[in-house]
1. Looking at the stretch 260-279 only, could you name the residues that are among the acidic types (Asp, Glu) and within 14 Å of residue 31 (Cα to Cα)?
2. Does residue 58 satisfy being surrounded by 20 or more Cβ atoms within 10 Å (Cβ to Cβ) and in contact (Cβ under 8 Å) with a residue 40 or more places away in the chain?
3. Can you tell which of 219, 202, 186 is crowded, with 18+ Cβ neighbours inside 10 Å and farther than 22 Å from residue 33 by Cβ?
4. Please go through the stretch 81-91 and give me each residue that is assigned to a loop (DSSP other than H, G, I, E, B) and surrounded by fewer than 20 Cβ atoms within 10 Å (Cβ to Cβ), ordered by number.
5. Among (1) closer than 22 Å to residue 146 by Cβ; (2) modelled with pLDDT under 95; (3) surrounded by 14 or more Cβ atoms within 10 Å (Cβ to Cβ), there is one condition residue 294 misses while meeting the rest; what is its number?
6. Can you tell me which residue within the stretch 142-183, out of those that are of a type in the set (Phe, Trp, Tyr) and within 19 Å of residue 236 (Cα to Cα), is surrounded by the fewest Cβ atoms within 10 Å (Cβ to Cβ)?
7. Only one of (1) touching a Leu at 6+ places or on another chain (Cβ under 9 Å); (2) over 23 Å from residue 180 (Cα atoms) is not met by residue 65, so which one is it?
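The values are calculated or read from the model by the stated rules, or taken from the named source; none is laboratory data. Quick caveat, the model's predicted, so the values are computed rather than measured. We place every Cβ from the backbone using ideal geometry, glycine too, and count neighbours over all the protein chains shown.
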Amino acid sequence: MASGGLLQDLVVQLSNYGRLIRIDRPVGIYLLLWPTLWALWVASDGSPNEGLFAIFVVGVIVMRSAGCVLNDYVDRNIDPYVERTRSRPIASGAVSPAEALTLFVALALIAIGLASMLNRQAQMLTIVAAALTVIYPFIKRYVSVPQFILGAAFGWAVPMAFAASTGETPRVAWLMFGAALVWAVIYDTFYAMVDREDDLKIGVKSTAILFGDADLFIIGVLQLVMLLALVLIGTQVGLGFWYFLSLVVAAGMMLYHQRLAKDRERDGCFKAFLHNHYIGMVVFIGIVLHYSLAPSA
C-alpha cells in the first residue's frame, strides 16, 4: 500500500515537472522549431543531414523546456499575481524552487551534450544561444522591448543550423534570423496583450505596454516586414512557386490574426498567439515542396 502511494506521488510530481517545462503546451516548441527547420532545409538545399536534424529537433525541445523552467523560477514571486500564470507549478507550490533549479541544470547538461556533437562554428554560436536563454527572464524588468530579446533567442537556431550544415553563416542566414526575430515580436506581443493589465500593475515591461493603442498597427507593420524578409530570402535562394504561394497563405493568416485581436480581448489575443505557429508551418511546407517538386537543374 505504501509503495503504491509512493508511486502515485511520483507520477503526480512527474506530471508537475511536465507542466513546468510546458510539455502539455507544445506551441512554444513549434514556434522555435519552424525557423530551425527553414534553416536546415535551405542550408542543405532540401536534404538536411539526418544526424543534424535529430540534434536540432531534440535541442529545440530541450532549450525551450530549460527556458520555461528558468522563466518560471525567476518569475516565482510575480506569477501568483497574474491571472494566466498563478496556477503554474512553482507559483502554486507544486514544484519547489530547488527542484526547478535542479531540473534546469539537468536540461542544460543535455543541451551541452547536444552542442558537443556540432562543428566548432555552431558550438561558438551555442554560447550566444545559452546567454540569450538566461538573459531573457530578467530583461523584462529593465527594458520595454523584451520581445526582441525573446526573438533573438528563438531565432538564434537559424545561424546555428547554417553553421552546422555548411560551416558558415551566409547573408541569407542572417536575413532568415531577422525574419524569425520579427515574427517572435509579433506573436509575443499578441501574448503580452493578454497580460497587459496585470503587467501594468506589477511593473513588468512588454511591447504590448510600449505600443499602447498603436499595438495592432505596429504589429501590422512588423507583419509586412517579416513578409518582405521572407520574399527576399526566397529571391536570394531561388525558391519558386510553392514557396511564394506559402507566403500568400501566411499573409492571409496574418490578416486573420489581426481580426482575432481587433477588440483586444484576452481570448482573441491569445488565439492569435496560439495560431501564429501555423505561419511557420506553412512557410516550411512551401520550402519542402519547392525542394521536393522543383525540376532538377
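1. Once the filter is applied, which keeps residues that are among the acidic types (Asp, Glu) and within 14 Å of residue 31 (Cα to Cα), the stretch 260-279 yields nothing.
2. no
3. 219
4. If the condition is that a residue be assigned to a loop (DSSP other than H, G, I, E, B) and surrounded by fewer than 20 Cβ atoms within 10 Å (Cβ to Cβ), then 82, 83, 84, 85, 86, 87 are the ones that fit.
5. Unmet for residue 294, out of (1) closer than 22 Å to residue 146 by Cβ; (2) modelled with pLDDT under 95; (3) surrounded by 14 or more Cβ atoms within 10 Å (Cβ to Cβ): (1).
6. 174
7. (2)
Residues are listed down the side, and each one gets a yes or a no for (1) out of contact with any Gly (no Cβ under 7 Å at 6 or more places or on another chain); (2) acidic (Asp, Glu):
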{"site": "108", "(1), (2)": "yes, no"}
{"site": "113", "(1), (2)": "yes, no"}
{"site": "119", "(1), (2)": "no, no"}
{"site": "143", "(1), (2)": "yes, no"}
{"site": "148", "(1), (2)": "yes, no"}
{"site": "157", "(1), (2)": "yes, no"}
{"site": "168", "(1), (2)": "yes, yes"}
